[in-house]
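As structure tokens, the structure follows; a few thoughts come after it.
The values are calculated or read from the model by the stated rules, or taken from the named source; none is laboratory data. Here the structure is a predicted model, which means the values were calculated and not measured. Every residue, glycine as well, gets a Cβ built from its backbone with ideal geometry; the counts of neighbours run over all protein chains shown. These area figures cover heavy atoms from the full protein model, side chains too; ligands, DNA and RNA do not enter into them. Shrake-Rupley method; radii C 1.70, N 1.55, O 1.52, S 1.80 Å.
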Amino acid sequence: MSSFSGLNTATTALWAQQRGLDVTGQNIANVNTPGYSRQRAELQSIGGNAVPAMYAISNQVGQGVDADKVIRIRDGFLESRAQIESASTARMTAQDATLAQIEQAFREPGETGIQAKLTAVFTAWGDVANHPTEDGARTAVLQKTATLVAELHTTSSNLDKQWTQTRDSLDTLAQDVNAKSQSIADLNRAIKRATQAGLPVNELADKRDGLVKELATAIGATSSPGDDGQVDVSVAGAMLVSGVSAIGIRVVGTEVPAEATALDPSFVTDPGGTRLALGGTAGGALTALSQTIPRYQQKLDAVAQQLADQVNAVHTGPGAYDKTGAPGGPMFGSGTVPAVPVTAANITLLITDPTKLAAASMAPIPAVAGPPAVAARPSADAGNAAKLAAMARADTGAAVAYRQLIVDLGVEASVATSNLQTQTVVAAQVDASRESVSGVNLDEEMTNMLQFQHAYSAAARMITTIDETLDVLINRTGRVGL
């Protein structure tokens with residue numbers, strides 16, 4: 001091996017160590033960049049020529065080092081786990097948020113919720129039972145009942161608004177997913193071209209993988225490696241991104257809360273119309289639309305129906321008389337003609353005159369012709385009012401049904417929060433493991449920087465040594481007697 005060949009070997013060493021320093025600097029510069037994966041210069045020795053000439057044998061030990069390749073440090077298994085756990089966390093977060101909003105709609109426990117107003121109504125009936133002939137107590141019953149009806153309307157309306165807002169958010173989510181899918185396909189195209197041309201693609205791949213993780217959070221998508229550095233993205237068995245092509249998704253189905261079913265609304269491919277069982281935020285939102293919100297709306301409607309049926313049964317039953325002596329009429333209805341089943345949204349107070357409240361269980365005293373003449377008197381009995389007041393304590397009353405609804409909601413919300421906390425810990429552990437592989441560690445980068453720096457100095461010293469050798473060989477060899 002000639003001395004000039006040694007200079008070339010040392011030059012490749014200088015270039016390789018400089019490349020290592022450049023990569024180290026890139027890692028340090030992006031230590032706080034979201035989604036950045038640390039890079040590493042792959043150093044490979046350059047061997048000597050296996051057949052340098054027809055009838056010659058090479059004694060070279062090598063031609064230096066090559067550092068053309070810079071790779072990303074990533075663990076494919078941990079990346080897949082991160083996508084799965086991210087989707088699960090997003091789905092549970094959406095479910096927890098849904099239940100929290102439902103709790104806000106009911107506002108329990110508190111003085112403004114349905115429970116407090118139910119209690120106020122039955123308490124007012126108790127006052128009528130104690131003072132059956134006083135118009136003030138009867139007026140209080142109508143006022144408290146009207147307040148209860150208004151609160152049922154408000155709570156039902158809040159649940160409908162929550163459903164509508166969640167339904168509208170799905171359209172925005174679909175648009176965002178479609179934009180990100182197209183961006184992934186465009187990045188796949190750029191990465192494929194760069195890879196075939198031998199150009200670096202690490203930063204492009206980081207950006208693309210970040211978009212894939214966002215899709216995993218939004219709809220539960222997963223990725224698989226493709227040719228020339230590309231990735232394919234699938235969701236619910238359908239290929240969303242295949243190489244450089246992407247298909248979209250859209251929301252179909254009802255926009256009316258009362259018409260929601262287990263499969264309506266839903267996401268479908270666009271084009272194609274294939275229904276997708278999505279995860280992530282979309283999956284949690286679909287569960288809220290098709291199950292959670294309708295279930296509590298139905299329970300609230302059942303409470304309103306039960307309240308109307310039970311109060312009307314007592315108020316119109318045999319032996320129920322108002323202040324004028326007339327039989328009691330229904331107190332609640334749907335407010336429509338023809339009548340429809342009572343719900344929390346349409347329950348209506350049908351009585352507005354306090355004298356029409358059937359508080360008595362005995363008919364009024366009729367007038368008696370004289371002599372001596374006795375004038376007619378309203379009944380001072382309050383047996384019917386007492387029955388209505390006692391409904392607050394009935395085991396099958398509307399108050400008990402409503403309390404059970406709130407208990408069920410509290411338990412479900414507590415379980416959802418607990419599950420989310422557990423899932424958050426799991427996802428954090430997976431992210432920590434992933435970051436330990438692909439994240440930038442400043443201590444490690446400083447060590448690499450010192451390593452490359454000393455290697456660069458050693459290569460430079462080698463060039464100096466070869467230079468001195470050549471100086472002796474060229475300038476001092478053959479000078480005899482001088």
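With the convex hull drawn over the C-alpha atoms of the stretch 129-174, the volume per residue is 44 Å³. Coupling constants for the stretch 452-463 follow from the phi torsions by the Karplus curve (6.51 cos²θ - 1.76 cosθ + 1.60, θ = phi - 60°), and in residue order they are 5, 5, 5, 5, 5, 5, 5, 5, 5, 5, 5, 4 Hz; glycine and proline get x. Taken as Cα centroids, the stretch 252-285 and the stretch 71-99 sit 21 Å apart, rounded to the nearest whole angstrom.
Accessible surface of the stretch 102-222, 1.4 Å probe: 51 percent of it comes from carbon and sulfur atoms. Close amide-amide hydrogen proximity is noted between Asp66 and Gln44, Ser45, Ile46, each under 5 Å apart and 5 or more residues distant or on a separate chain (H modeled in the peptide plane; Pro and chain starts excluded).
The GluC sites (Glu not before Pro) of the stretch 201-279 meeting both criteria, a DSSP state outside H, G, I, E and B (loop) and at most 13 other C-beta atoms within 10 angstrom of the site's C-beta, are Glu255. Taking 0.36 nm per residue of separation and subtracting the Cα-Cα distance, full extension of the segment from Met446 to Ser80 would add 128.8 nm. Compared with the dominant principal axis of the Cα atoms in the chain, helix 76-106 is inclined by about 20°. What is the distance in Å between the Cα centroid of the stretch 306-344 and that of the stretch 420-448? Their Cα centres are 65 Å away from one another. Close amide H pairs (under 5 Å, H built 1.01 Å from N) link Gly226 with Val231, Asp232, residues at least 5 positions away or on another chain. Each of Leu159, Leu263, Leu204 has its accessible area taken with a 1.4 Å probe; listed largest first, they run Leu263, Leu204, Leu159. Using a probe of 1.4 angstrom, how much of the accessible area of the stretch 260-359 is carbon and sulfur, in percent? Of the solvent-accessible surface of the stretch 260-359, carbon and sulfur hold 60 percent.
For Ala382, the residues 5 or more places off, or on other chains, whose built amide H falls under 5 Å of its own are Ser361. Using θ = phi - 60° in the Karplus curve 6.51 cos²θ - 1.76 cosθ + 1.60, the 3J(HN,Hα) couplings for the stretch 300-309 round to 5, 4, 5, 5, 4, 5, 5, 4, 5, 5 Hz; x is entered for Gly and Pro. Both the radius of gyration and Dmax for the stretch 73-214 are 28.4, 97 Å, in that order, over alpha-carbon atoms.
Against the main long axis of the alpha-carbon atoms of the chain, helix 3-29 sits at an angle near 20°. Karplus-derived 3J(HN,Hα) values for the stretch 204-220, using 6.51 cos²θ - 1.76 cosθ + 1.60 with θ = phi - 60°, are 4, 5, 4, 4, 5, 5, x, 5, 4, 5, 5, 5, 4, 5, 6, 10, x Hz; glycine and proline are entered as x.
Compared with the direct C-alpha span, the chain from Glu42 to Asn475 gains 151.9 nm at full extension, assuming 0.36 nm per residue.
If you count Lys pairs in the stretch 110-248 whose Cα atoms are under 21 Å apart, skipping same-chain pairs closer than 8 places in sequence, the total is 6. Summing +1 for each Lys or Arg and -1 for each Asp or Glu among the other residues whose beta-carbon sits under 11 angstrom from that of Ala205 gives +1. Taking K and R as +1 and D and E as -1, what net charge do the other residues with C-beta under 10 Å from the C-beta of Thr269 add up to? Result for the neighbourhood of Thr269: +1.
Other residues within the sphere of radius under 14 Å centred on the Cβ of Ile347, judged by their own Cβ, net out at -2 (K and R +1, D and E -1).
Each residue was assigned an accessible area with a 1.4 Å probe, and for Asp228 the value is about 60 Å².
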